[in-house]
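Here the structure is laid out as structure tokens; the discussion comes afterwards.
The values are calculated or read from the model by the stated rules, or taken from the named source; none is laboratory data. The shown structure was predicted, so the numbers you read here are calculated from the model rather than taken from an experiment. A quick note on method: Cβ atoms are made from the backbone with ideal geometry, for glycine too, and the neighbour counts reach across all protein chains shown. Keep in mind that these areas ignore ligands, DNA and RNA; they rest on the heavy atoms of the full protein, side chains included. Shrake-Rupley method; radii C 1.70, N 1.55, O 1.52, S 1.80 Å.
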Amino acid sequence: MTVTAARNINVSQATAEGLRLEMEADASVLVIGEDVAAQGGVFGSTRGLLKAFGPGRVLDTPISEMAFTGMAVGLAMEGYRPVVEIMFVDFIGVCLEQVYNAIAKIPYMSGGRVPMPVVIKTAGGSIGAAAQHSQTLWGLFAHLPGLRVVAPSNPYDSKGMIAAAVRSDDPVVFIEHKGLLLQRAADFAFGAAVPKECYDVPLDRAAVVRPGADLTLVTLSGSVRHAVAAAAAAADRGVDVEVVDLRSVVPIDWETVCGSAARTRRLLVVDEDYLGFGLSGELITGVVERLGLGALDHVARHGTPDVPVPAALSLEREIVPGADSILAAVLRAAGGTR
Amino acid sequence: MDLSTGRRDDWERRYRLMSLMRRFEEACLEGVASGEIHGELHTAIGQEAIAAALAEHLLPGDALTSTHRNHLHAIAKGVPLVPLLAEIFEKETGLCGGHGGHMHVFSPEDRFSATGIVGASLPVALGHAYAARLEGRDAVAVAVIGDGAVNTGGFAEAMNMAGVLRLGLVVVIENNEWAISVPFSASSATPTLAERAPAYGAVGERVDGLDIDEVSAALGRAVGRARTGGGPAVVEAMCYRFRGHYEGDLDLYRDGAEKARRIAEKDPLRLAEQALDAAGLVTSERLAELAASADEEIRAALAAVRAAAQPDPRTARDHVFASGLVPANAVREETTA
Ligand SMILES: Cc1ncc(C[n+]2csc(CCOP(=O)(O)OP(=O)(O)O)c2C)c(N)n1
């Protein structure tokens, strides 16, 4: 493989390119959803696919999520690998039945005879769009056995992870972040250089985005950039933060998380999803179970409290983690037992 | 437009209301341009005749459940302008204190609600209709939806229940021919949506949604029937949205020349003006006066809204539970920074 120079492209371009390469390589891959064809997706992450593959493989649907998500089940049974786009993750309610009772459970119920190589591609994150358009919900999907759940934080990972998701024989919930989808290529501090070639980013490996010695900050998706900014600010205050981008919620890369936490002895989880009964509790408990209570000097979590996301920006800023609130959480955690 | 019916002052009221609705949406556009409104604002410019016709048939006891494109429906239901606009601008003085925003406007005293989830307003209307039945009231419940929402499961389920129970549900479909980038022709198995009504034991009518008179007459039949126990009805009003799906939508999926032509030739306000002037029913001077007075009312509302404050961040955790319960993890962490 001749490796060409990597380009500076944005998340939606990277995802569309990843999909295009997978569709070229495998005729059984289909993309189905609202506005995915003519419009190329409301964020542009399926742009160009209709032209390349035609309306049979890139299907614009009516607003009938229950029907087209269920279609993916039948298509998978026929040997296809459907990518179903649920425009915003908040809309999953209208078709959750097919997601968790069919897609997630059929491989198990069939005794392994019926795989569901389906990708549920959707967008989450708070960008001032109020309670019904601002959720991330990875904790919801993670709670339902049988679904892999991933959420990339940059263009390089978006391209590689969508490729890996399409190739995966397991169903994958692929949650893009609206804030990242709207971010310009030039504004990515990491992962902005994207090779032209086909590659995949494994779905079960976290990435250490910034090494550090004093505290392990584990986060994912849109919060990674805020965590990196907060870590830079914390460094000025003498706190050396290691930022781990989880990338995958199911499964969690315990090796990377525990390895880091064992070194720094301080663990802070930052989660844009609702704090209660979710990723942060799972991570902290999982690390303690694996390393033992004595391995850590401090654990903390910072996330969206169990409050619907309000409309007004003054209210949203108050509850959704951002660079400032993450910095405050880092400084609290670093000062923890000192 | 049948100008032989209705008195001059009725037509003046209609025209002023449509002008007010147009100006209201334009005030929202100003808010988007200035950055005071953020997120995906959906306006209904070009669809005023439908909402203005609704205003002629809805009583305070009736309920109206709306969608992401809800401003004009709120006005039609009598939701007060200033708090409505203030909620869209996400101000402290907004109907919902800035917690809801432009897609989620609630005015319980007006029996008005909205949702950002397509199709989700239909079952809610069913609840209002059943409450009226339980209480022996002759109130109706109106669910306004877009053509796209007819393809949701919620439509099929709510319509069937309304048919079985003979509930006073009136579904008004604003068929603006598009669901974001997907044209109506590519998403409906039937050439009209009105024709789906009989399958649910409802009556269905398709009307020209640019003609307030025609919409109002059809609504009168549908609401009258529902109010007197005749069961559910569907009114499909044909229209065209002038703006992109939301402010910021590049709208590349529609043909630009066709759009310009439709806007120039099929503006419900201009059509009303021309008809009224031509029939000699209302002079163009009087129409200009009415438009100016609507403009003045919106100017004043906008000034009041702009003077209001953003919500106090300390209210972000309010209202999760009616009891005042605040989950432990929602309690404000005191920042040490
Ligand atoms: C269940 C659900 N699916 C998708 C969306 C995204 N969405 C918002 S508005 C819209 C199009 C709605 O079209 P239509 O019902 O015709 O109303 P219009 O916007 O044309 O007024 C879509 C797909 C949503 N909000 N809810």
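Miscellaneous remarks
- Segment B:A260-B:A300, length gained on full extension (0.36 nm per residue, minus Cα span): 11.3 nm
- Cα shape, the stretch A:216-295, gyration tensor, a/c 1.5 rule: oblate
- Shielding of peptide B:319-328 by partners, expressed as the average count of other chain Cβ atoms within 10 Å per residue Cβ, is 2.
- Euclidean distance between Cα centres, the stretch A:100-151 to the stretch A:261-300, Å: 23
- Shape category assigned to the protein assembly as shown from the gyration tensor of Cα positions, a/c cut at 1.5: prolate
- Rounded to the nearest 0.05, the FRET efficiency derived from the C-beta distance between B:R7 and A:E97 at R0 = 45 Å is 0.25.
- In nm, spacing of pseudo-spin labels at B:L325 and A:E24 (7 Å Cα→C-beta vector): 5.5
- Which listed pairs, of A:K51/A:K121; A:K105/A:K196; A:K105/A:K159, have C-alpha distances above 25 Å, in listed order: A:K105/A:K196; A:K105/A:K159
- Fraction of beta bridges assigned by DSSP in the stretch A:186-325 that are antiparallel (%, nearest 5): 15
- Taking every alpha-carbon pair within the stretch A:119-215, the share separated by more than 20 Å comes to 44 percent.
- For the stretch A:1-116, a simple Cβ point-charge model (Lys and Arg +1, Asp and Glu -1, everything else neutral) yields a dipole of about 300 debye relative to the Cα centre.
- Projected label distance in nm at B:D251 and B:A186, using a 7 Å step from Cα toward the beta-carbon: 1.8
- Projecting the Cα atoms of B:A233, B:H245, B:A275 onto the charge dipole of the stretch B:214-292 (Cβ charges, centred on the Cα centre) puts B:A233 farthest toward the positive pole.
- In a reduced charge model with +1 at each Lys and Arg Cβ and -1 at each Asp and Glu Cβ, the stretch B:164-304 shows a dipole moment near 680 debye about its Cα centre.
- Antiparallel bridges, percent of DSSP beta bridges restricted to chain A (to nearest 5): 15
- Protection-proxy order for peptides A:243-251, B:295-303, B:134-142, each taking the mean of Cβ atoms within 10 Å per residue, highest first: A:243-251, B:134-142, B:295-303
- Listed residue (A:V31, A:L313, A:T285) projecting farthest to the positive dipole end of chain A, Cβ model: A:T285
- Computed with a 1.4 Å probe over protein heavy atoms only, the accessible area of B:R196 comes to about 50 Å².
- Of A:M66, B:M238, the order by accessible heavy-atom surface (1.4 Å probe, DNA, RNA and ligands excluded), from most exposed downward, is A:M66, B:M238.
- Built amide H within the under 5 Å cut-off of B:A63, gap 5+: B:V140, B:A141, B:V142
- When each full DSSP H helix of chain A is screened for a Cα extent of at least 30 Å along its own axis and an average Kyte-Doolittle hydropathy of at least -0.5, none passes.
- Using the Cβ-Cβ distance between A:A186 and A:D236 with R0 = 22 Å, the FRET efficiency computed as 1/(1 + (r/R0)^6) comes to roughly 0.35.
- Contour excess over end-to-end distance, with Cα ends at B:L134 and B:S284 and 0.36 nm allotted per residue: 49.1 nm
- Restricting the stretch B:245-334 to chymotrypsin sites (Phe, Trp or Tyr not before Pro) that sit in a DSSP loop and have at most 16 other Cβ atoms within 10 Å of their own Cβ leaves B:F321.
- Exposure of B:E214 as accessible area (Å², to 10), given a probe of 1.4 Å and all protein chains: 80
- Rounded to the nearest 20 debye, the dipole size of the protein assembly as shown about its Cα centre is 920 debye, using +1 on the Cβ of Lys and Arg and -1 on the Cβ of Asp and Glu.
- Once all protein chains are placed together, A:F53 keeps about 40 Å² accessible to a 1.4 angstrom probe.
- Counting only other chain Cβ atoms within 10 Å of each residue's Cβ, the peptide B:303-313 averages 2.
- Pairwise centroid distance, computed over Cα atoms, of the stretch A:1-43 with the stretch B:95-149, Å: 39
- Taking all protein chains together and a 1.4 Å probe, the residues A:M109, B:M159 rank A:M109, B:M159 from largest to smallest accessible area.
- Looking at chain B, the DSSP beta bridges with both ends there are about 10 percent antiparallel.
- When the charge dipole of the protein assembly as shown is built from unit charges on Cβ atoms (+1 for Lys and Arg, -1 for Asp and Glu) and taken about the Cα centre, the candidate among B:T190, B:A149, A:Y156 whose Cα reaches farthest toward its positive end is A:Y156.
- Inter-chain neighbour count for B:88-101: the average number of beta-carbon atoms from partner chains within 10 Å of each residue's beta-carbon is 4.
- Global geometry of the stretch A:280-338, whether rounded, prolate or oblate, following the gyration tensor of its Cα atoms and the 1.5 cut on a/c: oblate
- Relative packing of peptides A:308-317, A:89-98 - highest average C-beta neighbours within 10 Å first: A:308-317, A:89-98
- Label-point gap, in nm, between A:A5 and A:R290 - each point 7 angstrom along Cα→Cβ: 4.0
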